[in-house]
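The numbers here are math on the coordinates, done by the rules we state, and not lab data. Keep in mind the model is a prediction, meaning the values are calculated, not measured. All Cβ positions, even for glycine, are placed from backbone atoms using ideal geometry, and neighbour counts span all protein chains on display.
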Amino acid sequence: MADTVSQTGADTLHRRGLMFILSSPSGAGKTTIARRLLAEDSEIALSISATTRPMRAGEVDGKDYHFVSQDDFDRMVEENEFYEWAHVFGKSYGTPKAEIRAGLKAGRDFLFDIDWQGTQQLYQKAQADVVRVFILPPSLEELGRRLVGRGTDSAEVIAARMARAQAEISHWDGYDYVVVNDDVETCFAKVRQILEAERMRRTRQTGLIDFVRELTQS
């Protein structure tokens, strides 16, 4: 029964990994939830996107993003190397396929911080592996306060983000789960519960077939 045992523990049946998507309007708390999930759950890793935007202070190529030129990005699109890609605020972002495919087969989970358009593309190409979670702010007023409180964007950029937020919120029904981030602790707990439940889906427990066969034949 060795083939049914995963790398996460000697008593754990092997399972196929999943693609765990967190989406939200800018300022709704997605990044905070994502960072905490990565810090507290060793079984999930951040999907590293390719982007054409400039590298920011403190970022590392290959860790935060794969920073590429627009020409290289366009070539990757032409060669179908992305699960999903999109243009956002004048820059391009995409999810490379190769590393994700190998990881899923090995039982690794990947966290995706993408918008609704990317979510739709990813779901169309890898439906069975995808779990979609949308995080809502408690109100638009609170969302505006959070964006202003960051102190990183101009009034014009904040106005653009607020307009985009309302458009993004309209796609809430394209997700498997929707969580309101009124309290970050409560929101995080709900996201963890969703992840744990999805890991236990029968269809992802690939080791169950051999395990049950052995039980019924013994």
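Close amide-amide hydrogen proximity is noted between V130 and M19, each under 5 Å apart and 5 or more residues distant or on a separate chain (H modeled in the peptide plane; Pro and chain starts excluded).
Just to confirm a number: summing +1 for Lys and Arg and -1 for Asp and Glu over residues other than P138 whose beta-carbon lies under 13 angstrom from that of P138, what do you get?
Values: positive: R145, R146; negative: E141, E142, D182, D183.
Computed value for this residue: -2.
The distance linking the stretch 151-218 with the stretch 52-88 is 24 Å (Cα centroid to Cα centroid, whole angstrom). Rounded to whole numbers, the Karplus 3J(HN,Hα) couplings from phi for the stretch 191-201 are 5, 5, 5, 4, 4, 5, 5, 5, 5, 8, 4 Hz, using 6.51 cos²θ - 1.76 cosθ + 1.60 with θ = phi - 60°, and x at Gly and Pro. When the pairs K30/K91; K63/K97; K30/K190; K125/K190 are compared against a 18 Å limit on Cα-Cα distance, K30/K91; K125/K190 fall above it.
Residues within the reach of a label modelled at F67 (point 7 angstrom out along Cα to beta-carbon, backbone nitrogen below 12 Å), restricted to the stretch 19-35: there are none. Within the stretch 1-159, DSSP assigns beta bridges of which about 40% are antiparallel (rounded to the nearest 5).
About the Cα centre, and with charges only on the beta carbon of Lys, Arg (+1) and Asp, Glu (-1), how big is the dipole of the chain? Nearest 20 debye, please.
Working: 28 positive and 34 negative charges, 47 e Å.
With only Lys, Arg, Asp and Glu charged at Cβ, the dipole is about 220 debye.
Longest exposed-loop-site-free stretch of the chain, with trypsin sites (Lys or Arg not before Pro), DSSP loop and at most 12 other Cβ within 10 Å? Of all site-free stretches, the longest is 64-218. Look at W116, W172 and count the other Cβ atoms within 10 Å of each Cβ; fewest to most, that gives W172, W116.
Taking 8 Å as the Cα distance limit and 6 or more residues as the minimum spacing, I'd like the relative contact order of the chain as a percentage.
Working: 318 pairs, mean separation 71.7, N = 218.
Relative contact order comes out at 33 percent.
On the basis of the beta-carbon distance and an R0 of 22 Å, L38 and W172 show a calculated FRET efficiency of 0.35.
Per residue, the convex hull around the alpha carbon atoms of the stretch 60-218 comes to 162 Å³.
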